[in-house]
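Worksheet for the structure shown next.
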Amino acid sequence: QVQLVESGGGLVQAGGSLRLSCAASGLNFRNYAMGWFRQAPGKERDVVATIMWSGRNTYYADSVKGRFTISRDNAKKMVSLQMNSLKPEDTAVYYCAADASWGLSTRKDEFDYWGQGTQVTVSS
């Protein structure tokens with residue numbers, strides 16, 4: 001049974017930082033591209049950042065480029081999202097996802113497994 005468990009969300013002031021982590025189990029982690037998505041109230045779930053199995057290639061949404069960094073540790077089966085210079089518009093539930101691909105997946109419909117999400121709230 002595949003499980004993705006996110007942690008690290010919370011309340012932070014604008015300009016602050018948070019680090020999200022996602023622990024994976026029940027899958028051969030090295031065979032999966034990983035991603036972070038977010039969904040604000042009343043909006044679609046959108047991609048934030050993705051990383052291929054090796055960590056060599058990454059993808060970022062334009063809205064987070066230069067502020068967020070995705071990374072992975074295949075030995076620990078974890079993927080992280082370092083979020084700096086947070087803005088109120090970053091407020092959303094953040095989801096970790098896994099795609100059984102050796103490529104760089106960027107679309108939510110490519111991802112096979114999802115975590116339950118962690119709330120990030122940025123106050124102005």
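Which residues, counting only those in segment 18-36, are hydroxyl-bearing (Ser, Thr, Tyr) and surrounded by 13 or more Cβ atoms within 10 Å (Cβ to Cβ)?
Result: Ser21, Tyr32.
Residues Leu86, Leu81: which one is in contact (Cβ under 8 Å) with a residue 24 or more places away in the chain, part of a loop (DSSP other than H, G, I, E, B) and buried (at least 16 other Cβ atoms within 10 Å of the Cβ)?
Answer to the check: Leu86.
Residues of segment 96-119 being in a strand (DSSP E or B) and open to solvent by 50 Å² or more (accessible area, probe 1.4 Å), which ones?
The first filter runs over segment 96-119 and keeps only residues in a strand (DSSP E or B), leaving 96-99, 113-114, 118-119.
Result: Tyr113, Trp114, Gln119.
Residue-by-condition table, conditions (1) of a type in the set (A, V, I, L, M); (2) without any contact (Cβ under 8 Å) to a residue 12 or more places away in the chain; (3) crowded, with 16+ Cβ neighbours inside 10 Å:
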residue	(1), (2), (3)
Gly16	no, no, no
Arg38	no, no, yes
Ala49	yes, no, yes
Asn57	no, no, no
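Restricting the search to segment 68-78, which residues are open to solvent by less than 60 Å² (accessible area, probe 1.4 Å) and outside any strand (DSSP E or B)?
Within segment 68-78, Asn74 is the sole residue that qualifies.
Considering segment 45-62 alone, what residues qualify as being among the acidic types (Asp, Glu) and in a strand (DSSP E or B)?
Step one: filter segment 45-62 for residues among the acidic types (Asp, Glu), giving 46, 62.
Hit for segment 45-62 is Asp46, nothing else.
So is Lys65 under 23 Å from Leu11 (Cβ atoms), among the charged types (D, E, K, R) and assigned to a loop (DSSP other than H, G, I, E, B) or not?
no
Under 8 Å between Cβ atoms, which residue pairs at least 6 apart in sequence (or on different chains) link something in segment 109-124 that is over 21 Å from Gln82 (Cβ atoms) with a partner that is open to solvent by 50 Å² or more (accessible area, probe 1.4 Å) and part of a helix (DSSP H, G or I)?
Partner pairs satisfying both residue conditions: Ser124/Pro88.
Quick one: which of Val122, Val93 is touching a Leu at 6+ places or on another chain (Cβ under 8 Å), among the β-branched types (Val, Ile, Thr) and surrounded by 14 or more Cβ atoms within 10 Å (Cβ to Cβ)?
Numbers: Val93 fails: touching a Leu at 6+ places or on another chain (Cβ under 8 Å).
Result of the check over Val122, Val93: Val122.
The values are calculated or read from the model by the stated rules, or taken from the named source; none is laboratory data. A quick note: this is a predicted structure, and the numbers were derived from the prediction, not measured. Counting neighbours? That spans all protein chains shown, and the Cβs are built from the backbone with ideal geometry, glycine included. We work out accessible area using only protein heavy atoms, side chains counted, and drop any ligands, DNA or RNA first. Shrake-Rupley method; radii C 1.70, N 1.55, O 1.52, S 1.80 Å.
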